[in-house]
1. For segment 56-94, name all the residues that are of a type in the set (S, T, N, Q), part of a loop (DSSP other than H, G, I, E, B) and touching a Ser or Thr at 6+ places or on another chain (Cβ under 8 Å).
2. Hey, could you check segment 51-63 for residues that are of a type in the set (A, V, I, L, M) and in contact (Cβ under 8 Å) with a residue 12 or more places away in the chain and say which is surrounded by the fewest Cβ atoms within 10 Å (Cβ to Cβ)?
3. Of the conditions (1) surrounded by fewer than 14 Cβ atoms within 10 Å (Cβ to Cβ); (2) of a type outside the set (Phe, Trp, Tyr); (3) modelled with pLDDT under 95, residue 82 satisfies every one except a single condition; which number is it?
4. For segment 42-50, does any single residue satisfy the condition of being in contact with a helix residue (DSSP H, G or I) (Cβ under 9 Å, 6 or more places away or on another chain), β-branched (Val, Ile, Thr), modelled with pLDDT of 55 or more and surrounded by 11 or more Cβ atoms within 10 Å (Cβ to Cβ)?
Amino acid sequence: MHIGAYRLSPSDDPKEGGPEGLPGDPHSAGREDLPYKVEVWDDTKTRVEQVLAVTASASIGYAAFYAATREFPQQYITLRHKDRVITRWIGPLH
């Protein structure tokens, strides 16, 4: 399984690398200036299987969360702001 995180920002963001707006350092995804995370959890809800998005924007975080609930409807998904869970998708309860 490939686990990855993507930094989402406007294409005209001056902090982005290069003239083509290529993403910056992928290891910076956990920085404090990117406080929103969308996480997909394992079936037991004890460990994060995949971080789908990391962003500085609440609206982008909510959009990524909404997309994740459609892409992974059977999974437990959280949208986090720093250490606080803002919202969660529980999936089916059976």
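The values are calculated or read from the model by the stated rules, or taken from the named source; none is laboratory data. Remember, it's a predicted structure, so these values are computed and weren't measured experimentally. Quick reminder, even Gly has a Cβ in these numbers, built from the backbone with ideal geometry, and neighbours come from all protein chains shown.
1. The one that is of a type in the set (S, T, N, Q), part of a loop (DSSP other than H, G, I, E, B) and touching a Ser or Thr at 6+ places or on another chain (Cβ under 8 Å): 57.
2. Going through the qualifying residues, I end up with 58.
3. (3)
4. no
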